[in-house]
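Everything on this sheet refers to the single structure shown next.
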Amino acid sequence: MPTITKLYGMQEASQHNTREDCWVVVDGKVYDVTTYLDEHPGGDDVLLSATGRDATEEFEDAGHSKSARELMQEYCIGELDTTPTIPELEIFKKDEHSGFNSKLMNMTMQYWAFPVAIIGISVIAAVLHARKK
């Protein structure tokens, strides 16, 4: 039995689903059965319909012999990667403002800018007026 080192995801295995490139997943192992399609006693349709998903149940239900199971090892190209995949998450920085917070900050700046400008002008006018006296 060959040493299996290559891991394949189900998505990758399911992309090999044509007569010219056919992979089947059975019992956690990935098999490239492209060259075996014409020799399969059940016909190539059975193997082609088993691509893109785990076909272990169908394989077991068919009652394959010990010699058929041994023959499978010749076509084994790797194992199914069962590591759970986590979809990419959007990461937000704490200093980023949401839409509401951003609008609130803009309104606050608008409403404070005018009074601060008035006070600033008033202070300058008072200082200039005091210097004249």
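Rule-based calculations on the coordinates, nothing more; no lab input. Only a predicted model underlies this, so the values are computations on that prediction, with no experimental measurement involved. Cβ coordinates were reconstructed from backbone atoms using ideal geometry, including for glycine residues, and neighbour counts include every protein chain displayed.
Below is a table of values for the structure above.
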read-out	value
Counted residues, region 40-61 - those being without any contact (Cβ under 8 Å) to a residue 40 or more places away in the chain, in a loop (DSSP other than H, G, I, E, B) and of a type outside the set (Gly, Ala, Ser)	3
Residue that is nearest to the chain's Cα centre (by Cα) [pool: residues in region 37-55 that are over 13 Å from residue 18 (Cα atoms) and buried (at least 16 other Cβ atoms within 10 Å of the Cβ)]	54
Any hit, region 62-81, residues being outside any strand (DSSP E or B), exposed (fewer than 11 other Cβ atoms within 10 Å of the Cβ) and either among the aromatic types (Phe, Trp, Tyr) or in contact with a helix residue (DSSP H, G or I) (Cβ under 7 Å, 6 or more places away or on another chain) (or both)	no
Of all residues in region 5-39 being polar (S, T, N, Q) and not in a loop (DSSP other than H, G, I, E, B), the one that is farthest from residue 83 (Cα to Cα)	35
Residue that is nearest to the chain's Cα centre (by Cα), among those in region 1-36 that are touching a residue at least 60 places away in the same chain (Cβ under 8 Å) and loosely packed, with under 10 Cβ neighbours inside 10 Å	5
